[in-house]
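The values are calculated or read from the model by the stated rules, or taken from the named source; none is laboratory data. Keep in mind the model is a prediction, meaning the values are calculated, not measured. Here the Cβ positions follow ideal geometry from the backbone for every residue, glycine too, while neighbour counts run over all protein chains shown. Side chains included, ligands, DNA and RNA excluded: accessible areas come from the protein's heavy atoms. Shrake-Rupley method; radii C 1.70, N 1.55, O 1.52, S 1.80 Å.
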Amino acid sequence: MLNHVSNNNSCSWLLFVARHYSRIQPPRPVSVEPVISVSNNIARLDAPKEGPKPRQLLSLPPFPGHPLPDKSSISGSRQRDYVTAVNWIKYYFKGTWGSVIESHFREGLVQMEADDSSTQKEEQMKPMRKIRPNEVMKRGARVHVPVSICETRISKRYDAIPSGTLYPNADEIKYLQRLVIYKDSAIIVLNKPPKLPVKGSLPVHNSMDALAAAALSYDYDEGPKLVHRLDRESSGILLLGRTKDSVSHLQWLFSNINNAKSSCKDWNEACEATYQRYWALVIGTPKEKEGIIHAPLSKVLLNDGKTERIILAHHSSVEPRQEAVTEYRVLGPQINGCSWVELRPLTYRKHQLRVHCAEALGTPIVGDYKYGWFVHSRWKQMPRVDIEPTTGKPYKLRRPEGLDVQKGSVLSKVPLLHLHCRELVLPNIVKFMHVLNNSSEELRTSLREQPDVLRFVATMPSHMRISWNLMSSYLV
């Protein structure tokens, strides 16, 4: 009899446990004691205020250590042998208001991965801790900030692309000159808008090279020449050389770093520091959060005999192949079926980033109908529920008021290509021009104080900024 009773008790206990943790009937919410709150000189018992809602975080690359490229852009870097957290974030988000970054520190929104988690390679979120703005950065440290740190105001109208003419008028010249973000005696750097072709042909007259030659010559007899190219639909930093020597040296640099090296040690180190970084919004998310893509490319003709297409090269194919290497890193979590990815090409092939994203990673870039048409045809552009990684709670889309999502953003019916060349680091060609032309190892005394490398950061176009603001508007 006692055994029978004990068995029944154990069964009832098991049933109670199963019922308590069942998915059908979740456990009861924990009761919270009310607190005394005073408003308008009236005291009442209310529920305690909720803490700050978790925000989706943007992952910065590992801290590369000191000195940084273009360290002159960091305040106090010339006098100090270290970099603080606030200066590292200001360096990475060059162009963002310092008051916005400092306010994120005051609100405790800037976090860093714990030291013991730097070697972990698990998919779940690593433990985080809040950091202060004056904390010294260590090599390899990873900082996470809310996506809202990059929110920007959107212009209500687009700038008109210059008309198809080889001789732009005064308004078009002013528009092109507004695109320039840096100019010296050797190079011009500008922020190319989307839909503007870089290299012209007979049916295309309003290309960037023709317009730059007519509008950006300034006091030179000839206009600047292209050093590298961007796709017509993409946007971002475009580099132009103002002299024949600067064009030739920089083209060697972009084709093969080893060919651009000389006997000058400083120049060689500056060449090694050269890189480009792109930001792209892709459909889906890569399986690995970061990695290197080694996937050679081949050019093929379609059935019409005219259209060219870049594909991943097969070992058994007879078409010529080109080596193509791309570093990638996922910036944040998947939201609304899309992810922001940072791309760093180590080789410069035609449509390299677009093909690597679409075919190697299986996540085509939003608006890339050439290499991701099949995924776009099946992609549902509907607000969906995604899980916030730190709490496991769902995101909900809060569309900002007054935001026109029909400007080619991720929520428009036909989004534009979301690929932007955001950052460029390259040698200061003006400083080393005398060394390169005379095959000398000594720099001019007047140029020794100039930085060895230059760093440029270009703001995203309107349609990508709208998508960024929409992504950062997810709240729990």
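Residue ranking by accessible heavy-atom surface, 1.4 Å probe, largest first, among 329, 344, 44 comes out as 44, 344, 329.
Based on the mean of other Cβ atoms within 10 Å per residue, sort peptides 321-327, 87-93 so the most packed one is first. Working shown, then result.
Details: 321-327: 17.3, 87-93: 20.4.
Ranking, from highest mean packing down: 87-93, 321-327.
For segment 267-286 versus segment 451-470, the spacing of their alpha-carbon centroids is 13 Å.
Cross-link list 94/370; 244/265; 90/431: which exceed 30 angstrom alpha carbon to alpha carbon? Too far apart for the 30 Å limit: 94/370. Averaged over residues, the count of other Cβ atoms within 10 Å places the peptides 240-252, 211-223, 97-109 in the sequence 240-252, 211-223, 97-109, highest first.
When the chain is fully extended, how far beyond the present Cα-Cα distance does residue 252 get from residue 171, taking 0.36 nm per residue of separation?
Length difference between fully extended and current span is 25.7 nm.
Working from label points 7 Å from Cα in the Cα-to-Cβ sense, the residue 139 to residue 322 distance is 3.5 nm.
Summing Lys, Arg as +1 and Asp, Glu as -1, what charge do residues with Cβ under 12 Å from the Cβ of residue 366 carry, residue 366 excluded? Taking every Cβ under 12 Å from that of residue 366, the sum is -1.
The phi-based Karplus calculation (6.51 cos²θ - 1.76 cosθ + 1.60; θ = phi - 60°) puts the 3J(HN,Hα) values of segment 336-342 at 6, x, 10, 9, 8, 10, 9 Hz, whole numbers, x for Gly and Pro. Comparing segment 202-349 with the 2.2 N^0.38 Å rule of thumb, its C-alpha radius of gyration ratio is 1.28 (two decimals).
Put the Cα centre of segment 323-382 next to the Cα centre of segment 409-429 and the gap is 12 Å.
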